[in-house]
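Read through the structure below, which is laid out as structure tokens, and then see the notes.
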Amino acid sequence: MRILSADITSFGGVSDLILKDLDAPVVCVSGPNEIGKSTFYRFLVVMLFGLPARKAARRQLMPNDGRALQGRLRYRHADKLEHLLERRLDSKPES
């Protein structure tokens, strides 16, 4: 699977961020402290696998502005087709 783009509508302290051209052979995410590198990693994990079961961990991921956690991932799978994964989650683990 190769991630092509990420659209973070609201996640933790990040909102309205679109990352494109992520399908290069090597992608380096760099920047100063507190810029959102770890948040981007957590966004990818939640998009692919859902929210963690622990309430405290879920609370850390929820947007600071009170909106629902929301975003999109566009990726290409082994079938060579492009797929779009969209999630809109509240703080409940089953969402």
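The values are calculated or read from the model by the stated rules, or taken from the named source; none is laboratory data. Please read these numbers as outputs of a predicted model, since none were measured by experiment. Virtual Cβ from ideal backbone geometry, glycine too; neighbours counted across all protein chains shown.
Specify which of the listed residues (E86, E34, E94) is modelled with pLDDT of 90 or more and out of contact with any Gly (no Cβ under 6 Å at 6 or more places or on another chain).
Values: E34 fails: modelled with pLDDT of 90 or more; E94 fails: modelled with pLDDT of 90 or more.
Answer to the check: E86.
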Out of all the residues in region 41-64, which are farther than 15 Å from R87 by Cα and modelled with pLDDT of 90 or more?
Y41
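Would you pick out the residues in region 36-76 that are within 21 Å of P25 (Cβ to Cβ) and in contact with a Lys or Arg (Cβ under 8 Å, 6 or more places away or on another chain)? It would help to see each step written out before you state the result.
So the first thing to find is which residues in region 36-76 are within 21 Å of P25 (Cβ to Cβ), and the list is 37, 40-41, 44, 48, 73-76.
Of everything in region 36-76, those that are within 21 Å of P25 (Cβ to Cβ) and in contact with a Lys or Arg (Cβ under 8 Å, 6 or more places away or on another chain) turn out to be Y75, R76.
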